[in-house]
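Novice: Could you have a look at this structure, given as structure tokens, before my questions?
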Amino acid sequence: MFVDAALTWDEAARVDPARFGAVAVIDVLRATTTMLAALENGAAGVVPVAAPEEAFEWRRRRPDVLLGGERGAVRIAGFDLGNSPLEYAPETVRGKLVVLTTTNGTRAFRQVLQTFAAAGSGGSGPPEGPDAEEKRAGPAVLAACLRNAAAAAAALAREARRSGRGVLLVCSGTDGRFSREDAYCAGVIVRHLERLEDVRRGDGADAAVRLLRPDASALEELSSSFHGRRLLALGLERDIEFCAATDVSAGVPRLVSGMLVLAGNRGSCGE
Ligand code: MLT
């Protein structure tokens, strides 16, 4: 199975969509962790949107939605919630639709949708054989973070096997630039995939694995990254601890008609 990683969201604009049957967007600090937390705590769905205006438009059409998100890691004026996974408690989100916009994470989803919008062709030549329809379909798009790394890898492997194509991990990065915590998470997921499948790594996936340091904990990796230090300076240590917990959730958010819903088993998100 071919596995590659785009190390920033705009790199995802330049991948060959025909190669991939399963895609995971990664924004460990904190968007994809927050999406998972919201869904595990009972949100009906999470709609990732690129800009605050799109979120306000949602509210005009559906006054019952919760608006969540940040700019500069701080809650957007007029929004109900910021981008801390700890804000998305069961009593706040149960049964609600959350519309989320973040600086990098939700833009990464938008980029993935654009890149794969034309992927219905399933490749350059006409697909052959009984699974031709399957191969023509676009990829499964999932949200991954450290908390669901093992579960996300299992879901990615399943989807890639089914489609006969590869796995793409899209790191959201920070302000258009590489971020260590997302690459670290991509490396963890590649390692999980290698326990499940015979993997051939693209350069991005290979670089992500090579960045893994056997003697450093996830908490150390996140706390010492550029964005981790920024969050620490804002007093958000508990967010970082929450985001660093690895393989503790069986939940895998999956994009269905523009909305993330929980696929697979529910995990526990009550901390
Ligand atoms: C982002 O999408 O840039 C992040 O999730 C920022 C944050 O930590 O809130």
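The values are calculated or read from the model by the stated rules, or taken from the named source; none is laboratory data. A quick note: this is a predicted structure, and the numbers were derived from the prediction, not measured. All Cβ positions, even for glycine, are placed from backbone atoms using ideal geometry, and neighbour counts span all protein chains on display. Protein only, heavy atoms only, side chains kept; ligands, DNA and RNA dropped before computing areas. Shrake-Rupley method; radii C 1.70, N 1.55, O 1.52, S 1.80 Å.
Results for (1) closer than 19 Å to ALA149 by Cβ; (2) open to solvent by 30 Å² or more (accessible area, probe 1.4 Å); (3) in a helix (DSSP H, G or I); (4) more than 16 Å from the ligand (Cβ to nearest atom), shown as yes or no for each residue.
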| residue | (1), (2), (3), (4) |
| --- | --- |
| ARG213 | yes, yes, no, yes |
| GLU220 | yes, yes, yes, yes |
| HIS227 | yes, no, yes, no |
| LEU231 | no, no, yes, no |
| CYS243 | yes, no, yes, no |
| SER249 | yes, no, no, yes |
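Novice: May I pose another question? Of the residues GLY235, GLY202, GLY173, which single one is touching an Asp or Glu at 6+ places or on another chain (Cβ under 7 Å) and within 15 Å of the ligand (Cβ to nearest atom)?
Specialist: On inspection, the qualifying residue turns out to be GLY173.
Novice: Looking only at the range 216-268, which residues are in contact (Cβ under 8 Å) with a residue 60 or more places away in the chain, more than 23 Å from HIS192 (Cα to Cα) and of a type in the set (Lys, Arg)?
Specialist: ARG230, ARG238
Novice: If I filter the range 221-240 for residues that are among the β-branched types (Val, Ile, Thr) and under 15 Å from LEU156 (Cα atoms), do I get at least one hit?
Specialist: No, the range 221-240 contains no residue that is among the β-branched types (Val, Ile, Thr) and under 15 Å from LEU156 (Cα atoms).
Novice: Just for the range 159-187: of the residues that are among the aliphatic types (A, V, I, L, M) and under 14 Å from the mean Cα position of the chain (by Cα), which one is surrounded by the fewest Cβ atoms within 10 Å (Cβ to Cβ)?
Specialist: Of everything passing the filter in the range 159-187, ALA183 is surrounded by the fewest Cβ atoms within 10 Å (Cβ to Cβ).
Novice: Next up: Would the range 259-266 turn up any residue that is touching a helix residue (DSSP H, G or I) at 6+ places or on another chain (Cβ under 7 Å) and basic (Lys, Arg)?
Specialist: yes
Novice: Still on this structure, I have one more. Condition test on PHE56, is it modelled with pLDDT of 95 or more, open to solvent by less than 50 Å² (accessible area, probe 1.4 Å) and more than 15 Å from the chain's Cα centre (by Cα)?
Specialist: Spelling it out, it is not the case that PHE56 is modelled with pLDDT of 95 or more, open to solvent by less than 50 Å² (accessible area, probe 1.4 Å) and more than 15 Å from the chain's Cα centre (by Cα).
Novice: Which residues, taken from the range 1-26, are open to solvent by 10 Å² or more (accessible area, probe 1.4 Å) and within 21 Å of GLY82 (Cβ to Cβ)?
Specialist: TRP9
Novice: On the basis of being farther than 30 Å from ARG229 by Cβ, in contact with a strand residue (DSSP E or B) (Cβ under 8 Å, 6 or more places away or on another chain) and free of Cβ contacts under 8 Å to residues at least 24 places away in the same chain, does PHE2 make the cut?
Specialist: When the stated conditions are applied, PHE2 does not pass them.
Novice: Just to be sure before I move on: is VAL74 open to solvent by less than 10 Å² (accessible area, probe 1.4 Å) and on the phi < 0 side of the Ramachandran plot in the structure I sent?
Specialist: no
Novice: Starting from the range 190-205, take each residue that is under 22 Å from GLU11 (Cβ atoms) and list its partners that are part of a loop (DSSP other than H, G, I, E, B), counting only C-beta distances under 6 angstrom and pairs at least six apart or across chains.
Specialist: Pairs found: LEU193/VAL199; VAL199/MET1; GLY204/LEU7.
Novice: May I ask you to list the residues in the range 179-207 that are outside any helix (DSSP H, G or I) and under 21 Å from THR246 (Cα atoms)?
Specialist: Within the range 179-207, SER179, GLU197 meet the criteria.
Novice: Out of the residues in the range 101-112 that are of a type in the set (Val, Ile, Thr) and within 8 Å of the ligand (Cβ to nearest atom), state the one that is farthest from VAL46 (Cα to Cα).
Specialist: THR103
Novice: Among the residues of the range 127-142, is there at least one that is at pLDDT 95 or above and within 16 Å of the ligand (Cβ to nearest atom)?
Specialist: The answer is no; no qualifying residue exists.
Novice: Within the range 107-116, does at least one residue satisfy the condition of being open to solvent by 20 Å² or more (accessible area, probe 1.4 Å), over 22 Å from LEU219 (Cβ atoms) and part of a loop (DSSP other than H, G, I, E, B)?
Specialist: Looking for residues that are open to solvent by 20 Å² or more (accessible area, probe 1.4 Å), over 22 Å from LEU219 (Cβ atoms) and part of a loop (DSSP other than H, G, I, E, B), one finds none in the range 107-116, hence no.
Novice: With a cut-off of at least 3 residues that are away from the ligand (no atom under 16 Å from the Cβ), name the helices (runs of 4 or more DSSP H) lying wholly within the range 1-100.
Specialist: Result: 52-61, 90-93.
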